[in-house]
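Quick notes on the structure that follows.
Since every read-out is calculated from the coordinates, none of them should be taken as a lab result. All values derive from a computational prediction rather than experimental measurement. Virtual Cβ from ideal backbone geometry, glycine too; neighbours counted across all protein chains shown.
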Amino acid sequence: MNKNNSPDISVKLPYPNMTQQVPQMIINGSNYRVTEPYNERNPVTQIFVNNTNSIGRHTLKAGINIELQLGGSNNGISNQGVFTFAPGTVLKGSTQFSQAFANFLLGNAATFTQTNIDPAGTNKTRIYEGYVQDDYHASSRLSLSLGLRYSYYGTPIGGTLPGAYYSPVLNFDPNSFDQAAAPALTSTGLICSKAPCANGKAPNPNYNPLNGIIQGGINSPFGSGASAVNTTNFAPRFGFTYDVYGNGMTALRGGYGIFYYQVVGNNAKIPTIQDPPNSVTATISNTSFDNPGNGVPSFSSGPQGLQAFDVSSQLPYAEQFSLDLQQQLNRGTVFDIGYYGNHGVHNYAAVDINQPPAGAYAAKGIIPGNVVTTANTRNI
């Protein structure tokens, strides 16, 4: 068996409701992986028209841009199934890897994990833009440029990837979360299924594991999408050129503009292919290599960790500005000094919206003496 390459051992999976593919094997942290076909499509259909007319001192420019985008892929390796072989009790004179490999040879798997499908996140996006601009020669020494651009970036909607599953675009919407459908928790943060729960509570019979999850075209308040669309994306531009002394030797130039940019498609793709109900992963513990379904099945006993993107975020944009002075010294030499700046606004960042303030656990006294050990880490 070659590490990080396809194993020499042929493994079949004739198990009910499981994909007939060679599984990934993890032996004491070392991966032996076989990938399945990977399908990715990113076609873009673009229509654009630009027009320029000169009228006296004015040079008028106008145009439109339409882009029909389809982008996405399947995971490629997500639902092959993963066997994990742990060392268990390490015998004297033996290594953890050798003990884990021994369990592999015996077919004693610590866990078998498999996703129900090979999820495909394929998003359709529509972009509509238009602009007008006037380059005005105010005098022999001063030229002005005034423009305005409008950008409409449609929210991603679900698409179909040929040969793969269709997955509606998915997201988590805090406004759709119903506190009455939240689960009761144990004192260690797990979902409580048997009383008593934390603070003397009982299990919530109305608990909904999909609480707050929205799917485009199914239960999303945004129709076929899973986020709101910004419709006020106006981007003004201004620039000037000035002949300081009127002799064509010294020029002062400056400008300012706003430029919107499209949200990265993976912001919508990642939750679509990772979060339930589009993607569900089961784990079977203490099972065997030849019959993984005969072990102890389990799903997450804690609240599901979700990937999501802000349903009402503002479209990011950059402010660009410059001021530049040029002085011609002779026929072949020009002195140039300038300042150029970029300022990003509403830029995207990954944020854990459940992260408590620093020191909150210490203030609550959740961990005695505020000493973190391997035994109480789950409390955090």
Of the residues ALA362, GLN262, THR281, the Cα lying farthest along the dipole of the range 229-380 towards its positive end, which is defined by charges on the beta carbon of Lys, Arg, Asp and Glu, belongs to ALA362
Determine ³J(HN,Hα), in whole Hz, for all residues of the range 358-371 in sequence, where each value follows from phi through the Karplus function 6.51 cos²θ - 1.76 cosθ + 1.60 and θ = phi - 60°; x replaces Gly and Pro. 4, x, 5, 5, 5, 5, 7, x, 5, 9, x, x, 6, 10
Note, ³J(HN,Hα) from phi for the range 134-144, Karplus 6.51, -1.76, 1.60, rounded to Hz, x at Gly and Pro: 10, 9, 10, 8, 5, 7, 5, 10, 10, 10, 10
Show me the ranking of peptides 269-282, 53-66 by mean Cβ neighbours inside 10 Å, starting with the highest. 269-282, 53-66
List the residues whose amide H sits under 5 Å from the amide H of ASN108, counting only those 5 or more places along or on another chain, with H placed 1.01 Å from N in the peptide plane. PHE289
Can you work out the Karplus-derived ³J(HN,Hα) for every residue in the range 229-245? Use 6.51 cos²θ - 1.76 cosθ + 1.60 with θ = phi - 60°, whole Hz, and x for glycine or proline. 9, 7, 10, 10, 8, 8, 10, x, 9, 9, x, 8, 9, 10, 7, 4, 10
